[in-house]
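Peer 1: Please see the structure below; I have some questions.
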Amino acid sequence: MKTMPHANNRGVQIHYEIEGNGPPLVLLHGLDGNLETFREYGYVEALKDKYQLILIDVRGHGASDKPHDPEAYQMKTLVADVVAVLDHLRIDKAHFLGYSMGGWIGFGIAKYAPEHFYSLILGGTHPYKPNADEQAELDYYIQLYKKGNDALIAEEEKQLGLEMTPYMRARCMASDTKAIVALMSSEDCIRSFEEVLPTMNMPCLVYAGENDGAYSGAKKCVESMPNATFVSLPGFDHRGALHQSSIILPHITKFLKKVGQA
């Protein structure tokens with residue numbers, strides 16, 4: 001049975017939905033996405049028969065509240081939002097799957113709330129301070145989002161090489177660009193969290209497409225994690241490794257089955 005409640009974290013409402021039955025598994029989307037991402041690309045359908053999926057809209061996204069102050073997007077606060085949802089559901093401990101920004105928040109979970117999670121699956125991300133190319137990309141998107149939704153749509157169409165469908169355009173127009181800018185402008189967005197890596201004793205699965213800018217950092221960080229496995233996805237970029245879920249889902253289900261047996 002699907003529910004559509006909100007959890008409260010110090011006055012900020014965090015929207016979440018529930019799908020399926022079984023051990024709890026939190027799913028956390030990437031920047032300027034929402035919880036529907038995991039339905040759209042087949043994750044919910046593939047996992048809901050064996051897991052209670054807890055899909056969360058990160059603050060600033062979807063149906064969650066959208067503060068415009070960068071201070072509202074500190075990593076500790078983003079992690080507290082996830083914990084607030086678990087508390088609202090009276091769930092002491094869960095598994096975690098996050099992609100891109102969602103995976104990055106996973107490193108924050110390892111730092112600020114490890115006791116709430118059995119395992120972490122982190123895709124298309126790393127815990128290090130942005131390198132020169134990543135910083136340049138971050139700065140570019142901050143300026144793009146400051147121009148508003150129309151500029152964002154034009155850039156998306158340029159990258160996709162085609163005109164957006166009405167559904168895609170409506171979803172893009174629904175983005176709160178000021179909230180996204182606030183998140184990208186937060187101090188923690190350019191901070192390294194690599195100090196947490198040696199403490200990540202829970203089972204971890206890290207994966208990235210080989211053509212993803214985050215690939216080298218994702219592969220590197222596993223070397224400092226006590227209980228981690230790295231999966232490389234040849235031929236995939238950042239979007240492809242998310243969208244082509246049939247490629248990564250066998251690795252995810254195998255990992256979760258092994259963790260459950262342990």
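Peer 1: Suppose we filter region 214-262 for residues that are part of a loop (DSSP other than H, G, I, E, B), within 20 Å of Ala110 (Cβ to Cβ) and of a type in the set (A, V, I, L, M, F, W, C); how many remain?
Peer 2: The total comes to 3.
Peer 1: So in region 20-70, with the set limited to residues that are in a helix (DSSP H, G or I) and either surrounded by 19 or more Cβ atoms within 10 Å (Cβ to Cβ) or among the β-branched types (Val, Ile, Thr) (or both), which one is modelled with the lowest pLDDT?
Peer 2: The residue in question is Thr37.
Peer 1: Now for a different question. Given region 101-180, what helices (runs of 4 or more DSSP H) lie entirely inside it while holding 1 or more residues that are under 16 Å from the mean Cα position of the chain (by Cα) and at pLDDT 95 or above?
Peer 2: Ranges flagged: 101-112.
Peer 1: In the list Gly108, Gly102, Gly62, which residue meets the criterion of being in contact with a helix residue (DSSP H, G or I) (Cβ under 7 Å, 6 or more places away or on another chain) and not aromatic (Phe, Trp, Tyr)?
Peer 2: Working: Gly102 fails: in contact with a helix residue (DSSP H, G or I) (Cβ under 7 Å, 6 or more places away or on another chain); Gly62 fails: in contact with a helix residue (DSSP H, G or I) (Cβ under 7 Å, 6 or more places away or on another chain).
Within the list Gly108, Gly102, Gly62, the selection yields Gly108.
Peer 1: Sticking with this one: Take the conditions among the polar types (S, T, N, Q) and either buried (at least 17 other Cβ atoms within 10 Å of the Cβ) or more than 23 Å from Asn34 (Cβ to Cβ) (or both) and apply them to Asn131. Does it pass?
Peer 2: yes
Peer 1: If a residue has to be in contact (Cβ under 8 Å) with a residue 12 or more places away in the chain and either within 23 Å of Glu40 (Cβ to Cβ) or among the acidic types (Asp, Glu) (or both) to count, how many in region 219-243 make the cut? Spell out the reasoning first.
Peer 2: Filtering region 219-243 down to residues in contact (Cβ under 8 Å) with a residue 12 or more places away in the chain leaves 219-222, 224-238, 240-243.
Those still in the list that are either within 23 Å of Glu40 (Cβ to Cβ) or among the acidic types (Asp, Glu) (or both) too: 231, 233, 235-238, 240-243.
Final tally of qualifying residues: 10.
Peer 1: Report yes if Val85 is part of a helix (DSSP H, G or I), modelled with pLDDT of 95 or more and either over 14 Å from Leu183 (Cα atoms) or more than 15 Å from the chain's Cα centre (by Cα) (or both), otherwise no.
Peer 2: So Val85 fits the description; yes.
Peer 1: If Ala7 meets every condition in (1) modelled with pLDDT of 95 or more; (2) surrounded by 20 or more Cβ atoms within 10 Å (Cβ to Cβ); (3) under 25 Å from Ile252 (Cα atoms) apart from one, which number is that one?
Peer 2: (3)
The values are calculated or read from the model by the stated rules, or taken from the named source; none is laboratory data. Here the structure is a predicted model, which is why all the values come from computation and not from measurement. Please note: Cβ atoms are built from the backbone with ideal geometry, for glycine as well, and neighbour counts cover all protein chains shown.
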